[in-house]
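Chemist: Structure provided below as structure tokens; questions to follow.
Values quoted throughout were computed directly from the atomic coordinates according to the rules given, and no laboratory measurement underlies them. Every value quoted in this text rests on a predicted model; they were computed, and no experiment measured them. Methodologically, a virtual Cβ is constructed for each residue, glycine included, from the backbone with ideal geometry; neighbour enumeration extends over all protein chains shown.
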Amino acid sequence: MKIAIVDYGMGNLHSVLKSAQAAQVRANVNTDIQLTSNPDVVYQADKVIFPGQGAMPDCMAALQKSGLGEAIADGFKNKPFFGICVGAQLLFDVSEEGNTQGLGWFQGSVKRFAHGLQDAQGNKLKVPHMGWNQVHQTQNHPLFQNVAQDARFYFVHSYHFAPTDASIVLGQSDYPETFACAVGRDNVFATQFHAEKSHDAGLQLFQNFLLWNGQA
């Protein structure tokens, strides 16, 4: 089995690679995991991991410049696909960050957290939202197998998913309002949080992805 981690110059790539390799050992599966900027390798892969980090306009520009766009689209249409952080945001129609057009796999937008956020005690909350936060699973999904309900994952983001179709929401978090942080449909699973920085819970997600047949 071949797994492509897409390198278009805008991701926490080596952490993603190390997490996927560690999950491979835990799952005891025979996989060829490649970090690649070659569209042909992405086309030939059995599964695709699509990370992203930074500003969405820069990520979209880098993706277009890389020539990987069509290979990415083939991936999310046809094979098990895992989008992470900005790689997940890029799957939506549009983002408020620079009014950036996305890839349109999920209907909806990516919105900035409101100004003046406060917690229940009235303390000001910073944007970007950064650090550990609980993820409440709203639907059963194969990638959540053996991940505890309300497990903590690591976030770094100023923008969040705003799906048009609530049925794609698989997990939610609070800051302080509830927002979608894991979405999925058919063969695609995507998270706002950084699974590669989320210790055991994140490794379990990677392990589940390695074993996933792409069916929800």
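Chemist: Note the count of lysine pairs whose C-alpha atoms are less than 24 angstrom apart in the chain, limited to pairs 8 or more residues apart or on different chains.
Modeler: Lysine pairs, 8 or more places apart or on different chains, close enough: 18.
Chemist: Quick check on packing: order 176-184, 47-55 by the mean number of other C-beta atoms within 10 Å, highest mean leading.
Modeler: 47-55, 176-184
Chemist: For the chain, what proportion of DSSP beta bridges, expressed in % and rounded to the nearest 5, is antiparallel?
Modeler: 60 percent
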